[in-house]
Amino acid sequence: MYQSLLTRRYLTSKVMPLLAALAVMLCCAMELIVWSVMGGFLVMLMESGKTLIGDVEIGYENTGIAYYGDLIDRLNKDPLVEAAAPTIETFGLLNLPLSNGARTVVVKGVEPRSFTKVTGFADSLWWRPLEKPLPKDTEARDPRVPFHGYAARLAEAADDFLDYRPEDVAVALKAPRATVDALRDAARRARRLADNGRAVSDEWTGQLREAGASIVALARDTLRTAPPPPAAQGEEALPAPHRAVAHLEARAAAFAYAESMYKRMADLLPQGEALTADGEAAIVLGTQVGGYNERDPAGFLKPLLFLPGNSGTLNVVPMDSRGTPLAMEHRLRRFPIVNQFRSGIFEIDAQTVIVRLDALQRILQMDEGRRIAPGAGAAPRVETGPDGQERFVEPPPTVIQPARVTTILIRAKAGVTADALAKRAREVYEEFADAHAAGPSPPPPVNSPGLRIATWEERNATLIGAVRKETALVMFIFGVISLTSVFLVLAIFWAMVSEKTRDIGVLRAIGASRAGVAWLWIRYGLAIGLIGAVLGGVAAYMIVTNINPIHEWMGEFLGISIWDPRVYYFTTIPSKVDPVKAVIVLASGIVASVIGAAIPAIKAANMHPVRALRWE
């Protein structure tokens, strides 16, 4: 019985408080991890949502906005505006190489320089030479790092070759031992050049070129005396050392391809930024348009067909100045594809085509036009030309029909909110519309039903709202689950108060007040909550900041892949703990612990000292 009493007291005084602290820790860590990941996902989505949109847009898709150059100038002069850009947005049909038919796309006509200032378009261009492979691309398989890929494949072939003993290679190929040894030394030098952390430089590429040329020369000398393969069986009948040398030679000879690919990537970047190829207007497609690129778990794209260098046929429907589609005047035009872009939102990347603004204006008949004003009095007349032939001569135009765009994108200066910018943009637009109200193509009034002045968040309200609701629902569910810590602390403290009844009676007998006894237990609950919350915060921080390495370890050793970039558009799991969220969660954990200790504390405070002392 005495042993049982000691065990019970040990559990009550030592183990149960630790269990309470552990419960608070786990609940705090769980809440903070979920909130950080879901909130981080929402932040990534919202940041990506500004791509190709800017902070605020002014849109009128019926007939477009004339005199937009003046509106752009007014906006650029405003102290709240960083930059403004004119665009046209319409629907079209796009035919691509090897496609089964035309697909519906959103066509955006942009002026490249101003569009980049507003949206960062140039940074979203995908096909560009990279200095280093992406962190997960350990084998340098990304086409944008051809030199690293060349070095990695050459090092792999060198390892295969070096696995064979030099005497076996010399015997199999009937080659001099000195030549084989020289080839092995060249293979070792080439293998040392394979380093994904090394940035592209003239020195490194020169070393790769020399190493590859040396291996090619020595491999060919080694193979010169090798017996030919049997005609009926081909290369598979060759000895393994023979195939290893041939493979090494082929890999080493591929430097020219890596060099040409790097140059090609370098050429694609300025062409995409200018939307121009050989002086002609070109197009840039979203990376997922047509499904020509396969997403790799390492975060890069594997092209099933490399679209830059090919061309696509764009079909759009022009409209007159009243916004009426000219159904009989479908316009087909073939554009070279100079690059692809990635915004970070799959829907945009899967259905958006970007073309130069002036080219799209001409196709849609939204460029500047000249016409005769009604009632001008002029009429066509007949004149006799130098050749004696009579012909009609049109009178000179008396009215210039200004060019139009459907959307103005605006970027706010640092520290200016999108809502404040939208309010200011409405004021600037109202002044602009009043100034051109008497023109031949007056802009729509500021209160026109078709006019849209909206922030980027309002433009993506459906997607962002859905993610916010999902985040709130998940947090509510996990919050309900975390309430178990309150009841667990309550149960533990209730048991502790029951076990410490005689001690409480002694305190009351020597003069401790009810409030003092209650405050003693509440402080105990506060200490347990504080310890559990701090440990939970540390655990959450360690997990969230290392969540991607943990996920990779789970995929490699356990075969569990929760966040597959081939399914989810973001390549990494959000890995940042928001300090504000951390304070809220940890404070909630402490409060929950105090609440759980409050009822047992009241019970302890209300104990009668005599009865407590008689407690067995």
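Taking (1) open to solvent by less than 60 Å² (accessible area, probe 1.4 Å); (2) under 30 Å from Y68 (Cβ atoms) in turn, T104 satisfies each apart from (1). Against the definition (among the hydrophobic types (A, V, I, L, M, F, W, C), surrounded by 15 or more Cβ atoms within 10 Å (Cβ to Cβ) and under 17 Å from A246 (Cα atoms)), how does A140 come out, yes or no? No: the conditions fail for A140.
Results for (1) of a type in the set (K, R); (2) at pLDDT 90 or above; (3) under 29 Å from the mean Cα position of the chain (by Cα), shown as yes or no for each residue.
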{"site": "P402", "(1), (2), (3)": "no, no, no"}
{"site": "R411", "(1), (2), (3)": "yes, yes, yes"}
{"site": "A418", "(1), (2), (3)": "no, no, yes"}
{"site": "T462", "(1), (2), (3)": "no, no, yes"}
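Return the residues of the stretch 248-263 that are of a type in the set (D, E, K, R) and out of contact with any Pro (no Cβ under 8 Å at 6 or more places or on another chain); say none if nothing qualifies. E249, R251, K263 - these are the residues of the stretch 248-263 that are of a type in the set (D, E, K, R) and out of contact with any Pro (no Cβ under 8 Å at 6 or more places or on another chain). The C-beta contact set for the stretch 108-133 (first residue part of a strand (DSSP E or B), second residue charged (D, E, K, R) and open to solvent by 20 Å² or more (accessible area, probe 1.4 Å), distance under 9 angstrom, 6+ apart or interchain) comprises K108/E89; G109/E89; G109/R356; G109/D358; V110/R356; L125/E273; L125/R342. Every test in (1) at pLDDT below 95; (2) assigned to a loop (DSSP other than H, G, I, E, B) is passed by D181 save one, and that test is (2).
For the stretch 50-90, name all the residues that are open to solvent by 40 Å² or more (accessible area, probe 1.4 Å), more than 14 Å from K117 (Cα to Cα) and assigned to a loop (DSSP other than H, G, I, E, B). Across the stretch 50-90, the qualifying residues are E61, N62, Y67, P79, L80. Among residues of the stretch 324-380 being modelled with pLDDT under 80 and open to solvent by less than 50 Å² (accessible area, probe 1.4 Å), the one that is nearest to L93 (Cα to Cα) is L326.
Quick check on this structure: which one of A170, A186, A175 is within 44 Å of the chain's Cα centre (by Cα), farther than 24 Å from P133 by Cβ and either surrounded by 18 or more Cβ atoms within 10 Å (Cβ to Cβ) or at pLDDT 95 or above (or both)?
Working: A170 fails: within 44 Å of the chain's Cα centre (by Cα); A175 fails: within 44 Å of the chain's Cα centre (by Cα).
None of the other options fit; the residue is A186.
Looking across the stretch 238-290 at every residue that is part of a loop (DSSP other than H, G, I, E, B) and under 27 Å from I345 (Cα atoms), the one that is most open to solvent (accessible area, probe 1.4 Å) is identified as Q288.
Hey, any hits in the stretch 557-565 for a residue that's loosely packed, with under 14 Cβ neighbours inside 10 Å, in a helix (DSSP H, G or I) and at pLDDT below 80? So far as the stretch 557-565 goes, yes, one or more of its residues are loosely packed, with under 14 Cβ neighbours inside 10 Å, in a helix (DSSP H, G or I) and at pLDDT below 80. Taken across the stretch 199-216, residues that are touching a His at 6+ places or on another chain (Cβ under 9 Å) and modelled with pLDDT under 90 do not occur at all.
So that you can scan it fast, the table gives a plain yes or no per residue for (1) modelled with pLDDT under 75; (2) open to solvent by less than 80 Å² (accessible area, probe 1.4 Å); (3) closer than 29 Å to G465 by Cβ:
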| site | (1), (2), (3) |
| --- | --- |
| Q3 | yes, no, no |
| V15 | yes, yes, no |
| L18 | no, no, no |
| V24 | no, yes, no |
| C28 | no, yes, yes |
| I33 | no, yes, yes |
| M38 | no, yes, yes |
| V43 | yes, yes, yes |
| E47 | yes, no, yes |
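Consider the stretch 189-206. How many of its residues are open to solvent by 60 Å² or more (accessible area, probe 1.4 Å), free of Cβ contacts under 8 Å to residues at least 60 places away in the same chain and not acidic (D, E)?
From the stretch 189-206, those open to solvent by 60 Å² or more (accessible area, probe 1.4 Å) are 189, 191-192, 195, 198, 202-203; that's our starting set.
In the following step, the residues that additionally are free of Cβ contacts under 8 Å to residues at least 60 places away in the same chain were identified as 189, 191-192, 195, 202-203.
Then keep just the ones that are not acidic (D, E); that gives 189, 191-192.
Matching residues across the stretch 189-206 total 3.
H148 satisfies every condition listed in (1) in contact with a helix residue (DSSP H, G or I) (Cβ under 8 Å, 6 or more places away or on another chain); (2) in a helix (DSSP H, G or I); (3) open to solvent by less than 30 Å² (accessible area, probe 1.4 Å); (4) more than 30 Å from T407 (Cβ to Cβ) except (1).
For F487, the requirement of being among the aromatic types (F, W, Y) and surrounded by 14 or more Cβ atoms within 10 Å (Cβ to Cβ) is not met.
The values are calculated or read from the model by the stated rules, or taken from the named source; none is laboratory data. Fair warning: this is a prediction, and the values are worked out from it, not measured in the lab. Using ideal geometry, Cβ is built from the backbone for each residue, glycine included, and neighbour counts are taken over all protein chains shown. Each accessible area value is taken on the protein alone, full model and side chains, heavy atoms only, with ligands, DNA and RNA left out. Shrake-Rupley method; radii C 1.70, N 1.55, O 1.52, S 1.80 Å.
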